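Each remark here refers to the structure printed beneath this line.
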Amino acid sequence: MEQPSINISRTVYHGSASFKGNMAKKLLKLSTNLAKFVDHELDIQDAGKAAPFLKALSQFNLVVDACFGQELDSNYTTLIREFMMTYRSLGISVPLKVHLLESHLEQFLVSKGGKKGAGYWSEQAMEACHYDLNNEWETVKVDEKNPLYLRKLKDTIVRYNGKHI
């Protein structure tokens, strides 16, 4: 049976390959489908070995959705603890980012009022938005002295917002 392409690739940086940005999130979102694929395509022993890792991926996806957006899910502490129990049961190393999630994320969110997700406090989201808007503006921009400047700027912002609702 031919395997469908899911268009996820790793980035090689300093000799090490890892998933970056949208690729990592796409992998997390597909973790449930990946579990079904593993159950179908692997023998029972290999599927059994993969199951705890797939569970950890699925639980991490729940943590990301609960904690790293603009809003904070009220169940985030439970989701973090459940993920960490599963992750630690894997018997693999705990990299710095996982340590930060386990030991400092809840503390950070509580210190900020416990209502907003980490994405709310991140400059990266604003920078990404600014970059996208600049790309949109580059296609129509005119000099500030041009009488159409304000109209074109407004139209660009309205168009950009319309694409991101």
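The values are calculated or read from the model by the stated rules, or taken from the named source; none is laboratory data. None of the values given here were measured: they were computed from a predicted structure. Please note: Cβ atoms are built from the backbone with ideal geometry, for glycine as well, and neighbour counts cover all protein chains shown. Heads up: the accessible areas ignore ligands, DNA and RNA and are worked out on the full protein's heavy atoms, side chains in. Shrake-Rupley method; radii C 1.70, N 1.55, O 1.52, S 1.80 Å.
Here is how the numbers come out for the structure above:
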| read-out | value |
| --- | --- |
| Hits in the stretch 36-59 - residues which are among the hydrophobic types (A, V, I, L, M, F, W, C) and farther than 24 Å from Lys97 by Cα | Phe37, Val38, Leu42, Ile44, Ala47 |
| Conditions (1) open to solvent by less than 50 Å² (accessible area, probe 1.4 Å); (2) in a loop (DSSP other than H, G, I, E, B); (3) of a type outside the set (Gly, Ala, Ser): number failed by Asp73 | (1) |
| Matching residues, the stretch 21-70, being not acidic (Asp, Glu) and not in a helix (DSSP H, G or I) | Leu30, Leu42, Phe68, Gly69, Gln70 |
| Positions within the stretch 107-154 being open to solvent by less than 100 Å² (accessible area, probe 1.4 Å) and of a type in the set (S, T, N, Q), in sequence order | Ser111, Ser122, Asn134, Asn135, Asn146 |
| Any chance Lys55 is of a type in the set (D, E, K, R), touching a residue at least 24 places away in the same chain (Cβ under 8 Å) and touching an Asp or Glu at 6+ places or on another chain (Cβ under 8 Å) | no |
| Flag if Ile157 is exposed (fewer than 14 other Cβ atoms within 10 Å of the Cβ) and at pLDDT 85 or above | yes |
| Residues located in the stretch 107-159, provided they are on the phi < 0 side of the Ramachandran plot and among the small types (Gly, Ala, Ser) | Ser111, Gly117, Ala118, Gly119, Ser122, Ala125, Ala128 |
| Residues satisfying the stated conditions in the stretch 84-122, i.e. part of a helix (DSSP H, G or I) and modelled with pLDDT under 90 | Leu96, Lys97, Gly119, Tyr120, Trp121 |
| Checklist (1) open to solvent by 90 Å² or more (accessible area, probe 1.4 Å); (2) more than 23 Å from Ala128 (Cβ to Cβ); (3) out of contact with any helix residue (DSSP H, G or I) (no Cβ under 7 Å at 6 or more places or on another chain) applied to Lys55, failing item | (3) |
| Residues of the stretch 123-165 satisfying the condition of being of a type in the set (A, V, I, L, M, F, W, C), assigned to a helix (DSSP H, G or I) and over 20 Å from the mean Cα position of the chain (by Cα) | Leu133, Trp137, Leu150, Leu153, Ile157, Val158 |
